[in-house]
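To start, the structure itself, in structure tokens.
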Amino acid sequence: MTTTPFLASPEYLEHLRDAARIAGLSLPELIVPAEHQVVLGRMRFRYLDWGTPGKPPLLFLHGGGLTAHTWDLVCLALRADYRCFAIDLRGHGDSEWSPVMDYGIEAHRDDVEAFVDHLGLDGFGLIGMSLGGLTSLAYAAGHAARLSALVVIDTGPETRQEGARRIAEFVAAPAEFDSIDEVIERALSFNPRRDAKLLRRSLQHNLRQMPNGKLTWKHDRRHRAKFDAEEWARRRHGLWEVIPRITCPTLVVRGGRSDVFHDEDAEKLAGMLPRGSWVRVENAGHTVQGDNPRALVEELRRFLDQPRR
């Protein structure tokens, strides 16, 4: 196990305790996850293992620009009953950047396939948000028999252009900061639902210091210059063709205040899935697990605890 200084610090546990209190989550215990590195193909990936051995496995995939730590509270709340894994997708967090800048849905799908094979997972639940949700849909289309359940959070083959444009503008904005306070100010202007004190700590997972002393995001931004929005939309829309192959029980989650994914979008996606259903999590925008983790955990438990046939 490789543990970063922040993960091993009392500050990290204090952050988790404060975050759980603010979210209204009652946690049986606070632990630090085991942190591992694995080489898949020719790239190195980092993932977190929250335990508990012998419990049904769950794999969590984060959204674009985020890291595995976006699932910290959710994994802590579920770990008593599930073996929770969360991976940094390629080009994110502490995973390696793609040398050819390939960050398409298919590339992420293939990484997940290799990771699942590495861990030897079978009969596991797959939970993905935004980019992680699209990756989950692509993976499930070819491996539904390996899944006990699938959860897709605030995304689908179609999303709202206005909300997607707002996120794209935030991600594409200049990303060199003089101080953590500058980062917090920008993050709060984008999502005012967050707590400034918690952001000061959680952003340590998303930022790195440059040689000039300034801060920047950890995720790979090099490909933004040649990003083809039309091609991305075409590939995303192509997921409709494979949705009928996803025969495992699937829950579509929509953030009640999301401007990216609306009720009718969630209803349409759930209706196209052979065993689909959908729920709305109130008081949450696009990043449901960050805005209202307590309500999301309640919905996940309600869905995951159902008997499977």
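A few comments on the model shown:
- Taking the fewest neighbouring Cβ atoms within 10 Å as the starting point, the ordered list for Arg166, Arg201 is Arg166, Arg201.
- Each principal axis of the Cα cloud of region 58-150 was taken in turn, and the coordinate range along them, longest first, works out to 39, 28, 22 Å.
- Å³ per residue enclosed by the Cα convex hull of region 1-116: 109
- Computed over the chain with a Gaussian network model linking Cα atoms closer than 10 Å, the most mobile of His92, His143, His69 is His143.
- Size check on the chain: the Cα extents along the three principal axes, sorted descending, read 53, 46, 40 Å.
- Computing FRET efficiency as 1/(1 + (r/R0)^6) for Arg17 and Glu230, where r is the C-beta to C-beta distance and R0 is 51 Å, gives about 0.65.
- Among Leu25, Leu296, Leu58, the largest mean-square fluctuation in a Gaussian network model of the chain, built with springs joining Cα atoms closer than 10 Å, belongs to Leu25.
- Taking only the alpha carbons of region 89-237, we obtain Rg and Dmax values of 16.9, 50 Å in that order.
- Top of Ala145, Ala295, Ala172 by mean-square fluctuation, Gaussian network on the chain, Cα under 10 Å: Ala172
No lab work stands behind these numbers, since they all come straight from the coordinates. Since we're looking at a predicted model, the values are computed, not measured. As a convention, Cβ positions derive from the backbone with ideal geometry for all residues, glycine included, and neighbour counts pool all protein chains shown.
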